[in-house]
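**Q** Before I ask anything, let me first share the structure, which is written out below as structure tokens.
All of the numbers you see were taken from the coordinates with simple rules; none came from a lab. These numbers were taken from a predicted model, which means no experiment stands behind them. All Cβ positions, even for glycine, are placed from backbone atoms using ideal geometry, and neighbour counts span all protein chains on display.
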Amino acid sequence: MDRIMMAHGSGGRLSHELIRTLFQKHLGNTYLDQMNDATTLPGEAHIAVTTDSFVVSPLFFRGGNIGKLAVCGTVNDLAVSGAIPKFLTLALILEEGFPMGDLERIIKSIAETASEAGVAVVCGDTKVVERGSADKIFINTTGIGYITNRLVGPEQIRPGDEILMTGTIGDHGIAILSEREGLEFQTPVVSDCAPLNGLIDAFYLPGVKCMRDPTRGGVATTLNELAGQAGVSMLLEEKQFPLSPSVAGACEMLGLEPLYLANEGKALVIVAPEAAGEVLQKMRAHPLGRLAVRIGRVKEEKPGLVLLETPLGGKRFVGMLEGEHLPRIC
């Protein structure tokens, strides 16, 4: 393959191949090779850093906009890595002719979401390109946080651990799709876009082993990443999947697999079995985790694989996202 395709930005298999065969090949080092949502840097302060770019279309959607999404996506990458988010940088690429009123709405949303998450925007940059050279506005953010005593990561995962989900899956993906395609549902689907650090503060216990926010590629791709990194397998229970009726109906109508849909305000949490009950209780006591459920468990057999147990008791393999499920979702 000698050209970049849309699927290279999906967060699925082609994205991972691009990272492994190009970026890691030329740029690989101790920090980049951690392959976590945020990289932990050396030093007494134990600083965590992450960066992300946002190209969502449409810019405004039920539940948020590109500005809110940029803050939440960056804060969440830090939070699920065990860091306390503190600072953000903000860089904008604007297309000539972009409405000033829309820009102010986006910047106001960034300010409100940053305040909610308890982070400060400490530096930034703005570039303007000729009309037609970009699609309205692109945003890049870098997040910095501090690692305290939260030692989480795939290396902590062991067979027998429980897999928890803090709420319904696929809301963001379907919200973007419905706005983009003009789809109407009996109950409109609202993006779950939200900063997760407050929720994580509420439920974190020493028994929490690993956390991820399943954005591009969804729950299935995220768990495949973790299974490969930890050398274990994951067994999911289909009957436990938390789906809103509107998302379930949209997936059935459009032939979409909810396990591959993006989420922007949910966390996958892998926790020791003896702590799972208490962690789940604490999740449900927080507004962002009131629909939290157990969706599966970690197994020793067939390491690197994710399996799905159907309501009839059968099992099927669930791989990484292939191709482009839904472009420009974040």
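**Q** Please work out the FRET efficiency for the pair residue 3 and residue 312, using the Cβ-Cβ distance as r and a Förster radius of 56 Å; give the result to the nearest 0.05.
**A** My answer for the efficiency is 0.85.
**Q** How big is segment 256-319 by the Kirkwood estimate over distinct Cα pairs, in Å?
**A** 14.0 Å
**Q** Compute a Gaussian network model of the chain, connecting alpha carbons closer than 10 Å, and tell me which residue from 106, 84, 200 fluctuates the most.
**A** 106
**Q** Would you calculate the separation in nanometres between label points at residue 253 and residue 120, each defined as 7 Å from the Cα along the Cα-to-beta-carbon direction?
**A** 4.7 nm
**Q** Which of 320, 234, 35 moves the most in a Gaussian network model of the chain with Cα springs under 10 Å?
**A** Judging by the Gaussian network model, the answer is 35.
**Q** Something else: Between segment 53-79 and segment 161-213, how far is it from one alpha carbon centroid to the other, in angstrom?
**A** 13 Å
**Q** What ranking, highest mean first, results for peptides 124-131, 289-296 when packing means the other Cβ atoms within 10 Å averaged over each residue?
**A** The packing order, highest mean first, is 289-296, 124-131.
**Q** Now a separate question. How many percent of DSSP beta bridges within segment 36-147 run antiparallel, rounded to 5?
**A** Just about 70 percent of them are antiparallel.
**Q** What does DSSP give for the chain in terms of the percent of beta bridges that are antiparallel, rounded to the nearest 5?
**A** Taking every DSSP beta bridge within the chain, about 75 percent pair in antiparallel fashion.
**Q** On to the next question. One-quarter of the Cα convex hull surface for segment 36-147, in nm²?
**A** 7.2 nm²
**Q** Once you have the Cα-Cα distance between residue 328 and residue 180, take 0.36 nm times their residue separation minus that, and quote the gain in nm to one decimal.
**A** Full extension from residue 328 to residue 180 adds 52.3 nm.
**Q** Going down the list 108/209; 25/136; 68/282; 25/108, which pairs span over 31 Å between their C-alpha atoms?
**A** Flagged as over cut-off: 108/209; 25/136; 25/108.
**Q** Another question, if that's okay. Based on alpha-carbon positions alone, could you give the equivalent ellipsoid semi-axes of the chain from the gyration tensor, as √(5λ), descending, whole Å?
**A** They are 29, 24, 21 Å, listed from largest to smallest.
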